[in-house]
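The values are calculated or read from the model by the stated rules, or taken from the named source; none is laboratory data. Note that the structure is a prediction, hence the values are computed from the model and not measured. Every residue, glycine as well, gets a Cβ built from its backbone with ideal geometry; the counts of neighbours run over all protein chains shown.
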Amino acid sequence: MPDSVHEEIRKLHLFDAMAVEHFQTLMRGAFVQTFPPLVDLITEGDPSDFLHVLISGSVDLFSAWNDRETSLATVRPVSTFILAATIRDQPYLMSARTLEKSRIALIPSAEIRRIFDADSDFARAIVTELALCYRSVVKAQKNLKLRTSSERLANYLLRAQARAGGQAEFELGFEKRRLASVLGMTPEHLSRAFKGLQPHGVVATAMRVGIAEPDKLKRFARPNPLIDDPKT
């Protein structure tokens with residue numbers, strides 16, 4: 001694995017406080033691969049052989065049952081997935097596929113668990129990471145159960161605009177069918193939600209969205225830091 005990748009991984013909160021020798025042990029067993037778009041990386045139900053670290057690109061975490069499929073989260077660099085299965089030595093509860101060309105480091109799960117037992121700083125970092133993941137799940141449930149489809153879309157667009165640097169127009173980043181799945185609605189409901197946001201200054205054309213009056217949209221969306229702020 002190139003030293004530059006070591007440095008990227010070392011910067012992650014999960015690895016930045018652990019002992020140097022333990023980090024080097026993890027990296028000796030790790031390797032990096034580049035995957036094209038729409039490649040299945042892991043399948044729910046399979047054993048968690050590796051902890052994945054996304055270096056570049058983006059990954060869709062999704063689940064399927066009874067001929068239905070839903071997107072659960074989007075992973076962006078630099079970050080890990082799916083840590084809980086690795087620590088518990090349990091099957092993956094989600095599947096993962098690349099959304100675009102992605103570079104991913106794979107660290108053997110057995111080594112992660114061994115160093116977890118040996119390095120208290122690493123163990124504390126893992127507990128913190130899992131707590132953040134738990135809080136993200138709670139926020140997602142609150143967003144899904146307490147908001148209408150139009151409110152979920154409005155808050156998503158405000159967050160997407162913030163990620164785009166506050167630009168008045170920005171790219172969605174993926175197709176609207178997947179966005180509908182992420183927001184817990186059908187494509188038809190998403191289309192109606194976009195139309196419902198037009199009076200609040202939202203204009204959507206294909207993969208591009210414009211927010212002419214952000215303050216007006218915020219008054220409708222009423223963003224809540226206990227749902228929408230990733231730092232809370």
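Quick one: which strands (runs of 3 or more DSSP E) lie wholly within segment 47-134 and hold at least 2 residues that are not polar (S, T, N, Q)? Before the answer, list the steps.
On the way: elements: 50-56, 59-65, 68-75, 79-81, 95-98, 102-108.
Strands (runs of 3 or more DSSP E) meeting the threshold: 50-56, 59-65, 68-75, 95-98, 102-108.
For N224, which of the numbered conditions (1) more than 21 Å from the chain's Cα centre (by Cα); (2) of a type in the set (S, T, N, Q); (3) more than 23 Å from R68 (Cβ to Cβ) fails to hold?
(1)
On the basis of being in contact (Cβ under 8 Å) with a residue 12 or more places away in the chain and part of a strand (DSSP E or B), does T25 make the cut?
Here the answer is no, as T25 does not meet what is asked.
Going by the structure shown, is F170 at pLDDT below 95, within 26 Å of A64 (Cβ to Cβ) and not in a helix (DSSP H, G or I)? Even if it seems obvious, please write down each step before you answer.
Working: at pLDDT below 95: yes; within 26 Å of A64 (Cβ to Cβ): no; not in a helix (DSSP H, G or I): yes.
Taking the combined requirement at face value, the residue does not satisfy it.
Among (1) surrounded by fewer than 13 Cβ atoms within 10 Å (Cβ to Cβ); (2) under 16 Å from the mean Cα position of the chain (by Cα), there is one condition P36 misses while meeting the rest; what is its number?
(2)
Quick one: V5 ticks every box in (1) in contact with a helix residue (DSSP H, G or I) (Cβ under 8 Å, 6 or more places away or on another chain); (2) of a type in the set (V, I, T); (3) more than 19 Å from D121 (Cβ to Cβ); (4) in a helix (DSSP H, G or I) bar one, so which box is it?
The single condition V5 does not satisfy is (1).
For S136, only one of the following conditions fails: (1) under 25 Å from M27 (Cβ atoms); (2) out of contact with any His (no Cβ under 9 Å at 6 or more places or on another chain); (3) modelled with pLDDT under 95; (4) of a type in the set (G, A, S). What is its number?
Result: S136 passes all but (1).
Within the bounds of segment 26-36, is there any residue that is closer than 30 Å to L144 by Cβ, assigned by TED's automatic domain parsing to the domain that holds S136 and at pLDDT 95 or above?
Looking only at segment 26-36, we keep the residues that are closer than 30 Å to L144 by Cβ, and these are 35.
Checking the rest, the ones that are also assigned by TED's automatic domain parsing to the domain that holds S136 come to 35.
If we keep only those that are at pLDDT 95 or above too, we end up with 35.
Within segment 26-36, one or more residues are closer than 30 Å to L144 by Cβ, assigned by TED's automatic domain parsing to the domain that holds S136 and at pLDDT 95 or above.
Among the residues of segment 180-207, count how many are under 19 Å from L72 (Cβ atoms), free of Cβ contacts under 8 Å to residues at least 24 places away in the same chain and crowded, with 16+ Cβ neighbours inside 10 Å.
Within segment 180-207, residues that are under 19 Å from L72 (Cβ atoms), free of Cβ contacts under 8 Å to residues at least 24 places away in the same chain and crowded, with 16+ Cβ neighbours inside 10 Å number 1.
Hey, any hits in segment 104-126 for a residue that's under 22 Å from V20 (Cα atoms), among the aromatic types (F, W, Y) and surrounded by fewer than 20 Cβ atoms within 10 Å (Cβ to Cβ)?
Looking for residues that are under 22 Å from V20 (Cα atoms), among the aromatic types (F, W, Y) and surrounded by fewer than 20 Cβ atoms within 10 Å (Cβ to Cβ), one finds at least one in segment 104-126, hence yes.
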